[in-house]
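A short worksheet on the structure shown next.
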Amino acid sequence: MSLVTTRFAPSPTGLLHLGHACSALLSFDFACRRGGRFILRIEDIDAGRCRAEFSSALVEDLTWLGLTWREPIRYQSECLGDYSSALDILANQGVLYPCFCTRREIMEQVAASGQAPHGADGWVYPGTCRSLDASLRLGRMVSGAAYALRLDVAKALAVTGPLRWYDKSQGWVPVVLPGDVVLARKDIMTSYHLAVTVDDHIQGITHVIRGEDLFAATHVHRLLQALLGLATPEYWHHHLLVDGQGRRLAKRDGAVSLRQMRQGGMTPEMVRRLARCGWDGV
Ligand code: GLU
């Protein structure tokens, strides 16, 4: 049996709030109670939204909360070579294709197709660039048009066969076909899905504990694990804390940050007590 290893993997796009504290504490306590280890990973590939000061702030806030982790912290922005090696393996399997669509074009295509809202984003990529004529595709690439790399999910599932993954709350979950997801963005040759799958493998994560907002993403991660020949961790998608109006806590909606709680005189023990409210324990 491998050593129980959990992680907290925030994106430094703002200050942490109580919802983050809950998630981090669940992961940390889960590992500690099983004599395992806890890892902090900073998911900072989105250069437009991530800021170094939020990375330092979250390290400071989690330390104040009493969390400790295995050093050094892995910063995704420093690991692009690992993602590019994984992308090469997938490219050699013939399951990737370049996508030139802009977000606006995709939204127009989705609206024109009368697609009912579904998928993790509320819509599914209609596959426009999947069937692009090969010479047109090459011509656009040679002319320097920006493109992302998408996973041809149907082709990938034909390679792997049916898949499933285990969730602590839901039991065995069969992989359902999401739309063709982006594995390498136009601005950086990786994406959340690719980076998180590679990192969970490299860091030996045995249990992924994260919010239920990422439940749908796990289908993609399971598919990537199968294509890349990586072990599948167990998952636990916990429910999300909500505010008085039932809205998920989010900085943009004015969720109180851990920093404000601390400055307001709260102790780490008080935050822990709050975080425990509504949780079923580990
Ligand atoms: N970086 C993601 C976020 O902050 C979490 C990724 C994960 O836990 O898999 O929402």
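Could you tell me which residue of segment 194-206 is farthest from the ligand (Cβ to nearest atom), considering only residues that are surrounded by fewer than 21 Cβ atoms within 10 Å (Cβ to Cβ) and under 14 Å from the mean Cα position of the chain (by Cα)?
This residue is HIS201.
Here is a list of conditions, (1) over 17 Å from ARG7 (Cα atoms); (2) crowded, with 16+ Cβ neighbours inside 10 Å; (3) at pLDDT below 95, and HIS238 meets all of them except one; can you say which number that is?
Tallying (1) over 17 Å from ARG7 (Cα atoms); (2) crowded, with 16+ Cβ neighbours inside 10 Å; (3) at pLDDT below 95, HIS238 fails exactly one: (1).
In segment 112-229, which strands (runs of 3 or more DSSP E) lie fully inside it and hold 1 or more residues that are of a type in the set (Asp, Glu)?
Values: elements: 148-151, 164-167, 171-174, 182-184, 207-211.
By residue number, 164-167.
How many residues, within segment 57-103, are modelled with pLDDT of 95 or more and in a helix (DSSP H, G or I)?
Looking only at that region, the number is 24.
Considering only residues that are part of a loop (DSSP other than H, G, I, E, B) and either buried (at least 24 other Cβ atoms within 10 Å of the Cβ) or among the hydrophobic types (A, V, I, L, M, F, W, C) (or both), which ones fall in segment 1-31?
MET1, LEU3, VAL4, ALA9, LEU15, LEU16, listed by residue number.
The values are calculated or read from the model by the stated rules, or taken from the named source; none is laboratory data. Keep in mind that what you see is a predicted model, and the values were worked out from it rather than measured. Heads up, the Cβs are rebuilt from the backbone with ideal geometry, glycines too, and the neighbour counts pull from every protein chain shown.
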